[in-house]
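Undergrad: Got a structure here, written out as structure tokens. Questions coming.
The values are calculated or read from the model by the stated rules, or taken from the named source; none is laboratory data. Keep in mind that what you see is a predicted model, and the values were worked out from it rather than measured. Cβ coordinates were reconstructed from backbone atoms using ideal geometry, including for glycine residues, and neighbour counts include every protein chain displayed. Surface areas here come from the heavy atoms of the whole protein model, side chains and all, with no ligands, DNA or RNA. Shrake-Rupley method; radii C 1.70, N 1.55, O 1.52, S 1.80 Å.
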Amino acid sequence: MSLEVSPLDSIPRAVRREREQAGLTLTELARRAGIAKSTLSQLESGSGNPSVETLWSLAVALGVPFSRLVDPPTPTIRVIRAGQGPGLRSEQSDFISTLLSAAGPARRDLYLIRAEPGPGRSAAPHLPGSVEHLILASGRLRTGPVDQPVELDPGDYVTFTADQPHIYQALAAGTVAVLVMEHR
């Protein structure tokens, strides 16, 4: 399984747009997100290479769904071929998240997750009321709230509230899952 990552050209514009709409300075948003001002400045200028964790922190600090920072404008027909979607790599593990679709006003986002065995990815709480729905397509995965993780086999489904710390840890090579993030 190839874990190639394609940068999203729309991230710098989206972060700046959301920051400005929120009326925040670079300094204030960086403080709220717990990141360096220089990191945020590089990100907005297009010279940064943000991780999943950095973008989640920014989304939570801005009070917007993660997808609003990473989903480029959608053409009428959109096809994402296997292994070619724009992915974001985790700083913590061999884990890539590819946003496949953001549902607009319904606030449901669809992701393809690819992960390999090794250290798990710890996810910080998302916006209040967020719920994750995950179906494992291949491999094995440990996921769920940090205090109640479950192990999944191909075809298994799990749902849990994601406004608390949670984890993703591949237990087998070639782990692939489909994740629907629901923002209530």
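Undergrad: Return the single residue from Arg19, Arg89, Arg32 with maximal mean-square fluctuation; model: Gaussian network over the chain, springs between Cα atoms under 10 Å.
TA: Among Arg19, Arg89, Arg32, the largest mean-square fluctuation in the Gaussian network model of the chain belongs to Arg32.
Undergrad: Another one. With a 1.4 Å probe and all protein chains kept in place, how much accessible area does Ile135 have, in Å² rounded to the nearest 10?
TA: Number for this one is 90 Å².
Undergrad: In addition: Could you check the simple spin-label distance between Gln42 and Glu151, using points 7 Å along Cα→Cβ, in nm with one decimal?
TA: Taking the simple label geometry, Gln42 and Glu151 are separated by 3.9 nm.
Undergrad: Another question, then. Report the label-to-label distance for Arg31 and Ile135 in nanometres (one decimal), using points 7 Å from each Cα along the Cα→Cβ vector.
TA: With each label placed 7 Å out from Cα toward Cβ, I get 4.5 nm.
Undergrad: First compute the accessible area of the chain with a 1.4 Å probe, then give the percent of it belonging to carbon and sulfur atoms.
TA: The C+S portion of the solvent-accessible surface of the chain is 52 percent.
Undergrad: Enumerate the whole-percent occupancy of each 5 Å bin, from 0 to the last occupied one, for all C-alpha pair distances of the chain.
TA: 1, 8, 16, 22, 21, 17, 10, 4, 1, 0
Undergrad: Okay, next question. Over what distance in Å are the Cα centres of segment 11-47 and segment 146-177 separated?
TA: That distance is 30 Å.
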